[in-house]
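Below is one structure, written out as structure tokens; the observations come after it.
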Amino acid sequence: MVSWCRWRSPRRWFLFACLGLLLSGLISCQSNSPQSMEGKVSFWTMQLQPKFNKYFDDLISTFERNNPPEQVSWVDIPWNAMESKILSAVSANTAPDVVNLNPTFSSLLASKNAWLNLEEEVSAEVKARYLPSIWQANSLGNGEVFGFPWYLTTRITIYNQDLLQQAGLSTPPATFAELAVAAREIKAKTGKYGFFVTFSPSDSAEALESLVQMGVQLVDSDGRATFNSPAGKVAFQYWVDLYQQGLLPPEVLTEGHRRAGDLYQSGAIAFLSAGPELLASLEKNAPSIAKVSAAAPQIVGETGKRNVAVMNLVIPRSTKNPTGAIKFAEFVTNTDNQFAFIKEANVLPSTIGAVDKYRQELAQISNASSLENARRVALEQLPTAEVLIPPMANLNQLKRIIYENLGAAMVGNKTVDQALQDAEQVWNDNLKG
């Protein structure tokens, strides 16, 4: 399965501080309509070699054969090197023609006018290929779209059927309200925890996304905090109550999502929020737990929203071959090629056609395995899933401020009201700076 980069390193913000002025100066000088230079397309991906060498060699050969005189040069960059390499390349005006990035990082450069505006460059027919919410996930909200959606992941709920049965529960929870009830029953009747979600500032944004699912608006259009609201208070109180009632493992404040996986495969928690492919890992590492595991849709709040994570292909505005770059990005992300790639990488597609094709394939499987059923669940929720936290600068900083203050309330060092007020003030003060 393709690994997802979390972009955790503080070095990222240092790089932006050092290069910000240089980038803004260089990018502002770039032409909005670069002159086409047919024949060469440079293509950067993130850590896809050597596992997918054959797939991309065949893909590139087919593109070149059908689109003379275009020639594609493919370079694969390690996860931890991509951010510094693309920043340096953009600042030096030597960026590749097509780059594989996630929305969070690519949006930071989009705000510097680094990428082609695909809303203007791509036909309505091509735009209509993609799931509408996924196409819009690559927008900064100003009408510009900076990336072609490529492959996706979405969380589902993997649950231990034995623990549910022991707790007298017939079905897994569908909402956060039901999750709290289930956690109490499981703890009372089995001594185990219901679930684990991390509030470690250096790890997953899942808890932050849960606030959005519960109806919390994090920031306004100017970036100022809006989470100190009635909905914010309800959401903070939800997590505080669960923690103080002993229904969350104490290490949720210090350990990351990997700990959740460890606890689930040891039988210590009943529910795990993860991708379908975790079941394949369970079959290898914890076969007894895999046998009693099943899949259900992602748990939601009052909004009914479910998360999706997107990987994109973006095209630098400085490309000397915009025609070839757009043609190649459209080719990589078309329905047939996405369908082929998801089978190789065990991810999900972003085109409507590939989603339908995959759904039909899974529906034809009789005696489906737990993994195949989990993929069905993920696929069914995909058309309405969305990027819950739109691309924004300083997202990691917002996450840290909220997690630190919410964590203080969870251990009783602050009231919920004080935690919300302090987080709001720190975030808004940082904006002024």
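Taken over the range 320-338, the criterion of being crowded, with 24+ Cβ neighbours inside 10 Å and among the polar types (S, T, N, Q) is satisfied by T333, Q338. In the range 278-365, counting only helices (runs of 4 or more DSSP H) that sit wholly within it, the ones holding 1 or more residues that are farther than 23 Å from I134 by Cβ and in contact (Cβ under 8 Å) with a residue 40 or more places away in the chain span 278-285, 287-291, 322-332.
Filtering the range 324-365 to residues that are among the polar types (S, T, N, Q) and modelled with pLDDT of 95 or more leaves T333, N334, T335, N337, Q338, S350, T351, Q360. From the set of residues in the range 90-120 that are more than 22 Å from the chain's Cα centre (by Cα), small (G, A, S) and at pLDDT below 90, which is surrounded by the fewest Cβ atoms within 10 Å (Cβ to Cβ)? Residue satisfying both the conditions and the ranking: A92.
Can you tell which of I389, I401 is surrounded by 15 or more Cβ atoms within 10 Å (Cβ to Cβ), outside any helix (DSSP H, G or I) and touching a residue at least 12 places away in the same chain (Cβ under 8 Å)? That would be I389, the only listed residue that is surrounded by 15 or more Cβ atoms within 10 Å (Cβ to Cβ), outside any helix (DSSP H, G or I) and touching a residue at least 12 places away in the same chain (Cβ under 8 Å).
Scan the helices (runs of 4 or more DSSP H) fully inside the range 121-225 and keep the ones with 3 or more residues being under 30 Å from L101 (Cβ atoms) and either at pLDDT 95 or above or open to solvent by 50 Å² or more (accessible area, probe 1.4 Å) (or both).
Result: 124-127, 206-213.
Of the candidates I326, I289, the single residue that is over 19 Å from the mean Cα position of the chain (by Cα) and assigned by the TED database to the domain that holds F148 is I326. Of all the residues in the range 81-120, those that are farther than 29 Å from Q381 by Cα and in a helix (DSSP H, G or I) number 13.
N66 falls short on exactly one of the conditions (1) under 21 Å from S91 (Cβ atoms); (2) surrounded by fewer than 16 Cβ atoms within 10 Å (Cβ to Cβ); (3) at pLDDT 50 or above, and that condition is (1).
The values are calculated or read from the model by the stated rules, or taken from the named source; none is laboratory data. The shown structure was predicted, so the numbers you read here are calculated from the model rather than taken from an experiment. Cβ atoms come from the backbone with ideal geometry, glycine included; neighbour counts cover every protein chain shown. Side chains are part of the model used for accessible areas, which takes the heavy atoms of the whole protein and leaves out ligands, DNA and RNA. Shrake-Rupley method; radii C 1.70, N 1.55, O 1.52, S 1.80 Å.
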